[in-house]
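Read the structure below first, then the notes.
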Amino acid sequence: MPLTPHDPHSAPEPRPITADPPHRTARPLLTQSWLDLAFVHWAADPADVAPLLPGGTFPDVLDGRTYVGLVAFRMHRVGWFRLPGIPYLGSFPETNVRLYSVDGHGRRGVVFRSLDASRLIPVTVALTLFRMPYRWSRMSVRHCDGHVSYASSRRWPGPRGARCRMSVRIGERISRPTELEHFLTARWGMHNTFFGRPVYLPNDHPRWPLHRAELTECDEDLLTAAGLPSPSGEPVSVLYSPGVPVRFSRPSRPAGVPTP
């Protein structure tokens, strides 16, 4: 039976979940650091998520469930190739709404439904050149007494005023992450559509330093603005990480899809 992009039961067998990257980037296309991350996740029905993924990809599931992630952090010094990262335009708060995907090669990744960021020029470049769903927003990230607070209010493009106010209390360091915690954080690439063609952009970074976290505030409508149902109940996972340096290599294609 041929693979169909919106039928979770026809998805290929995913590659194993690995805490360390399965590949190394010898010649990076992009470099950056992700700092002060809060990972907040709710469980979702794969059938609800499948229509929101690029063609040639499928919901990645663990024990029959997939997940919707709200991830807030500080992007730091985005750079091209081996050049030094840009200090101002390349450093900004970001909050993304993401889903979990697998392609015809079995490569696990993420699919971004939205990425709110506070620098207009990087947002415009990402929207126009790379077809990434970036949004320009007023944003802040603040530390206070073991808490990290994230705030955003969308400016452009809409829906104008889409917001997220979130705060987490940082707990103890996790020495042995669970299978679910690896599933939600150890994602070694992203799936996207570029001029109508699905592509896969690999990344690598050191193993995540993860902490337990408690969600002490969450007032957001970014998930519904991204076309997802409003989450019901408490999140199934809340984590914090001080961050990692990241390298992206050149994009490649999912099975059976030509690379631009």
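Here are a few things to note about the model shown:
- The residues in segment 235-260 that are assigned to a loop (DSSP other than H, G, I, E, B), modelled with pLDDT under 95 and not β-branched (Val, Ile, Thr) can be counted, and the count is 9.
- Inter-residue pairs, beta-carbon under 8 Å, first touching a residue at least 60 places away in the same chain (Cβ under 8 Å) and within 23 Å of SER114 (Cβ to Cβ) and in segment 207-224, second in a loop (DSSP other than H, G, I, E, B) and polar (S, T, N, Q), 6+ apart: LEU223/SER230
- Any hit, segment 191-212, residues being farther than 23 Å from TYR100 by Cα and of a type in the set (Ser, Thr, Tyr): no
- Every residue from segment 157-184 that is acidic (Asp, Glu), part of a helix (DSSP H, G or I) and surrounded by fewer than 19 Cβ atoms within 10 Å (Cβ to Cβ): GLU179
- Members of segment 16-62 that are of a type in the set (D, E, K, R), at pLDDT 95 or above and either touching an Asp or Glu at 6+ places or on another chain (Cβ under 9 Å) or closer than 15 Å to TYR200 by Cα (or both): ASP20, ASP60
- Residue in segment 144-153 that is part of a loop (DSSP other than H, G, I, E, B), closer than 24 Å to GLU234 by Cβ and out of contact with any Cys (no Cβ under 7 Å at 6 or more places or on another chain) present: yes
- Selection status of PHE183, farther than 22 Å from TYR67 by Cβ and aromatic (Phe, Trp, Tyr): no
- Looking only at segment 105-138, and only at residues there that are without any contact (Cβ under 8 Å) to a residue 60 or more places away in the chain and part of a strand (DSSP E or B), the one that is surrounded by the fewest Cβ atoms within 10 Å (Cβ to Cβ): ARG138
- Segment 175-191, residues that are without any contact (Cβ under 8 Å) to a residue 60 or more places away in the chain and either closer than 16 Å to ALA38 by Cβ or aromatic (Phe, Trp, Tyr) (or both): GLU181
- Looking only at segment 139-156, residues that are under 16 Å from GLU94 (Cα atoms) and surrounded by fewer than 17 Cβ atoms within 10 Å (Cβ to Cβ) come to 5 in all.
The values are calculated or read from the model by the stated rules, or taken from the named source; none is laboratory data. These numbers were taken from a predicted model, which means no experiment stands behind them. No Cβ is skipped: glycine too gets one built from the backbone with ideal geometry, and neighbour counts run over all protein chains shown.
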